[in-house]
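Student: Pasting a structure here, questions to come.
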């Protein structure tokens, strides 16, 4: 079975959040003990799972961008050429 892409994980997080909100809304419209307990326990767990999935995708994206940025910085620094009028000996002494 193929793992979902980051976009797929975000869709999963959105669906989980909507399900959690529906459960919590159900307890507002039907204030008997059973719907309230289901909303407080199951709705909370599903909402927390949605938030964890979202945060993990954000962390993955930040790490990916940082790696790309660091690789580009290393490439730019390795290809630095002396400025016009600057001699090789001057750039090496710095």
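What follows draws every value from the coordinates through simple rules; no lab data is involved. What you see is a predicted model, and the numbers here were worked out from it, not measured in a lab. Here Cβ is always computed from backbone atoms with ideal geometry, including for glycine, and neighbour counts include all displayed protein chains.
Student: Could you tell me what % of all Cα pairs in region 8-77 have separations over 14 Å?
Tutor: 66
Student: For residue 12 and residue 30 in one chain, what is 0.36 nm times their gap in residues minus the Cα-Cα distance, to one decimal in nm?
Tutor: That works out to 3.8 nm of additional length.
Student: Let me ask another. In nanometres, what is the gap between the two model label sites at residue 65 and residue 3, each 7 Å from Cα along Cα-to-Cβ?
Tutor: Distance between the two pseudo-spin positions: 2.1 nm.
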